[in-house]
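Working notes for the structure below.
The values are calculated or read from the model by the stated rules, or taken from the named source; none is laboratory data. Quick caveat, the model's predicted, so the values are computed rather than measured. Glycine gets a Cβ as well: all are built from the backbone with ideal geometry, and neighbour counts include every protein chain shown. Each accessible area value is taken on the protein alone, full model and side chains, heavy atoms only, with ligands, DNA and RNA left out. Shrake-Rupley method; radii C 1.70, N 1.55, O 1.52, S 1.80 Å.
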Amino acid sequence: MEPTDEIAQAVPTAEALGLRFRAEDSTGALWVHYEPVANAPVLQPEQLPQVLESAGFQTDEQPLEPAAVSRLLEQMQRGEACDLCLLGPVDARVEVFTNKDEMLAGVVVHPPQGGGADLTDEALDQALKRGQIIHGLLEDSLTALTSEVLQQQLRESLIPVCMIVAYGEPVRHGRDARLEPLIETIVDRRPQVDESGKVDFLELGDFPHVEAGEALVRRHPPSEGTPGRTVTGHLLKARSGKERILKPKNDSVALAPDDDNLLVAATSGMPVLARDGAYVEKVLHLEQVGLSTGHIRFDGSVHVKGNVEPGMKIEVMGDVKVGGLVEAAHIRAGGAIEVSGGVIGRRQLHEDAHSDHHKDNRGTGPVDDAYLKAGTQLKARFIQEAKVESDQEVIVQKQVFHSEINAGTRFAILGRGAIVGGRACAGELIDVGVSGAMSNVATVLVAGATDEIKKRVVAANDELKQVGAQRQQLMSIVERFVKQHKPITGERKQKFLEARESLNKKEQALRDELAELKAAFQRCQKARIQVRHRCHAGTLIKLAGHEASPRKDLSRVTFAMQDGGIVMR
């Protein structure tokens with residue numbers, strides 16, 4: 001067998017290689033389509049002309065395009081289908097595509113082959129018109145597609161180029177009107193960790209508070225939508241934003257005088273968000289105060305429907321009203337306190353109930369007794385083993401047992417109500433039904449106490465003496481300058497005048513304070529203690545610094561000051 005016969009027999013067929021050839025009579029171009037097949041033999045470059053001849057195609061008149069042959073062999077080696085022109089002129093051609101919503105358009109430029117023409121601006125424009133791409137064209141991309149640099153790249157590589165040529169204009173729907181809260185309505189009311197790392201499950205933080213005129217909610221009006229357009233020119237309609245009204249819920253809020261889109265507080269209190277804005281609640285309503293609520297701190301008033309449980313604290317600027325019991329809890333109010341169910345504490349009173357001083361347990365530590373402090377009036381059904389204070393009145397409906405009462409002006413127990421044990425102090429009047437008990441329980445009633453007034457008078461007089469000494473020292477300095485004929489500059493003169501004015505104001509303030517203390521002392525002299533039904537032996541009466549104690553039970557008696565001593569009427 002001849003060597004040429006062996007080579008011929010070694011050349012694979014087109015079918016075995018997965019090749020199909022076709023000729024175009026109009027252009028004379030020869031095309032090959034490659035479709036990967038299993039177990040195909042390897043085609044060598046020099047074997048391709050023989051494969052063509054065996055398939056009935058002649059290549060003598062025009063050589064194969066080297067770049068196309070290289071491209072074919074690369075695709076066959078990778079096992080990737082392709083369609084290539086092996087000889088004959090093939091102009092560059094353009095495929096136009098869009099995405100599903102027609103908001104993006106791109107082109108695939110197939111390289112020219114066999115001496116075909118490069119892509120021109122006219123050919124690209126015609127392709128885009130046939131694809132109906134008319135909006136959002138990217139001029140930089142169009143220029144790059146027909147540039148000499150890209151055409152040379154296409155001729156050398158024979159690899160198609162894909163490029164985005166247009167973007168649609170997206171529709172922008174209008175924003176709905178919205179209400180923006182300008183205040184913090186939800187505070188961090190979680191258990192607090194102290195410096196030592198202990199967790200206080202009752203300390204949950206304060207409730208929010210606003211002052212009159214403070215901004216609460218701002219309304220942002222709806223906006224108009226902006227229509228869009230696809231790359232094919234279709235108009236996309238935009239939806240305008242929905243309206244939302246901002247209106248005052250009640251007279252606790254109002255629209256700002258110069259801004260209808262701003263809601264402000266008309267009064268102080270706790271802000272509460274509502275559907276159409278917000279309102280201000282001056283009263284904080286609670287079912288009860290306990291572990292679920294934690295300690296209560298609020299700048300308004302608090303109404304508790306039920307009980308205040310042991311260990312709890314309530315601190316408010318306004319009033320406190322409790323429908324149930326207050327048991328071993330602390331309540332401080334800038335206004336009044338009213339407890340419908342009574343106050344029960346755990347106070348361990350000093351054995352000497354006649355002691356003038358009794359410390360309370362109301363520090364920053366755990367609450368283990370009952371302590372109530374009102375800025376104006378304090379009312380309760382009964383008080384037992386507790387300490388209560390009021391800058392004005394303390395009024396009890398039934399009884400007071402082994403407690404400490406301090407009232408700025410008046411302490412009263414209505415009807416036949418009794419005070420048994422403990423101590424009660426009032427600035428002007430104590431009015432009770434019964435004091436003490438048949439077993440001679442030590443009970444102290446103090447009205448018109450003057451000890452504190454006397455201390456303040458002494459302190460004020462001492463300060464007056466200091467002012468006088470400072471004034472004399474200032475005058476001595478001025479006289480020294482005059483005697484030594486030293487000029488007094490304007491700055492130094494001004495300092496002397498300011499110092500003198502300061503001393504004069506301080507002196508006048510002290511004299512006003514002394515006048516007030518004198519009036520208070522005179523009121524103490526008029527203070528009285530009235531027991532309407534029975535004053536038991538063992539009751540200690542203190543009036544304006546004087547003491548008296550009945551040796552036997554008395555009925556319907558009033559203790560008052562007369563001629564420097566206590567008299568009974």
Assuming a viscosity of 1.567 mPa s and a temperature of 4 °C, what translational diffusion coefficient in µm² per second does Stokes-Einstein assign to the chain, Rh being the Kirkwood radius over Cα pairs?
37 µm²/s
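Accessible area per residue, 1.4 Å probe, Å², for the chain: what's the number?
56 Å²
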Using only the alpha-carbon atoms, how far is helix 490-525 inclined from the longest principal axis of the chain? Give it as 0 to 90 degrees, nearest 10.
60 degrees
Which log10 I(q)/I(0) values, to two decimals, does segment 369-525 give at q = 0.16, 0.21 Å⁻¹ under the Debye formula with one point per Cα?
-0.89, -1.19
What list of whole percents do you get for P(r) of segment 383-467, with Cα-Cα distances grouped in 5 Å bins up to the one holding the largest distance?
3, 15, 22, 21, 12, 8, 6, 5, 4, 3, 1, 0
How big is segment 441-509 by Rg and Dmax over its Cα atoms, in Å?
20.8, 77
If you fit an axis through the alpha-carbon atoms of helix 148-157 and take the longest principal axis of the Cα set of the chain, what angle between them do you get, 0 to 90°, nearest 10?
70 degrees
To one decimal place, what Kirkwood hydrodynamic radius in Å is obtained for segment 297-337 from all pairs of distinct Cα atoms?
9.9 Å
Given backbone amide H placed at 1.01 Å from N, residues whose amide H is under 5 Å from that of VAL165, ignoring those fewer than 5 places away on the same chain, are ALA105, GLY106, VAL107
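What is segment 37-183's relative contact order, in percent, from Cα pairs under 8 angstrom and six or more apart in sequence?
RCO, segment 37-183: 22 percent.
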Packing-based order for 39-52, 484-497, using average beta carbon neighbours within 10 Å, highest first:
39-52, 484-497
In nm², the average projected area of the convex hull spanned by the Cα atoms of segment 225-281 is 5.7 nm²
Residue by residue through segment 273-279, what is 3J(HN,Hα) from phi via Karplus (6.51 cos²θ - 1.76 cosθ + 1.60, θ = phi - 60°)? Round to whole Hz and write x for glycine and proline.
6, 10, 4, 9, x, 6, 8
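At a Förster distance of 41 Å, what's the computed FRET efficiency of GLU224 paired with GLN153, Cβ-Cβ distance as r, to 0.05? Mind dumping the intermediate values first?
Values: r = 47 Å, r/R0 = 1.14.
With a Förster radius of 41 Å, E is 0.30.
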For segment 201-334, what are Rg and Dmax over the alpha carbons, in angstrom?
22.5, 80
Leaving out ligands, DNA and RNA, what percent of the accessible area of the chain is carbon and sulfur, probe 1.4 Å?
49 percent
So, R0 is 51 Å and r is the distance between the beta-carbons of MET438 and GLN472; what FRET efficiency does that work out to, to 0.05?
0.20
The chain: calculated mean residue ellipticity at 222 nm from DSSP helix runs of at least 4, using -39500 (n - 2.57):
-7500 deg cm²/dmol
Please compute the length gained on full extension between VAL458 and MET568, using 0.36 nm multiplied by the number of residues separating them and subtracting their Cα-Cα distance.
36.5 nm
To the nearest 0.05, what FRET efficiency results for GLU491 and ASP258 with a Förster distance of 41 Å applied to their C-beta separation?
0.30
Using a Cα-Cα cut-off of under 13 Å, which aspartates and glutamates could be cross-linked to LYS237, ignoring same-chain neighbours fewer than 8 residues away?
GLU169, GLU224
For segment 385-499, what relative contact order do you get, as a whole percent, if you take Cα pairs closer than 8 Å and at least 6 residues apart?
15 percent
Angle, helix 121-130 long axis vs. longest principal axis of the chain, Cα atoms, 0 to 90°, nearest 10?
70 degrees
P(r) histogram, all alpha-carbon pairs of segment 18-145 included - 10 Å bins from 0, percent:
11, 35, 27, 20, 7, 0
Relative counts (whole %) of C-alpha pair distances in segment 481-569, using bins that are 5 Å wide
3, 11, 14, 11, 9, 6, 6, 6, 5, 5, 5, 5, 4, 4, 3, 2, 0
Rounded to the nearest 10 Å², the 1.4 Å probe accessible area of ASP140 is 130 Å²
Say each of ASN250 and ALA81 gets a label point 7 Å from the Cα, pointing the same way as Cα to Cβ; how far apart are those two points in nm?
7.7 nm
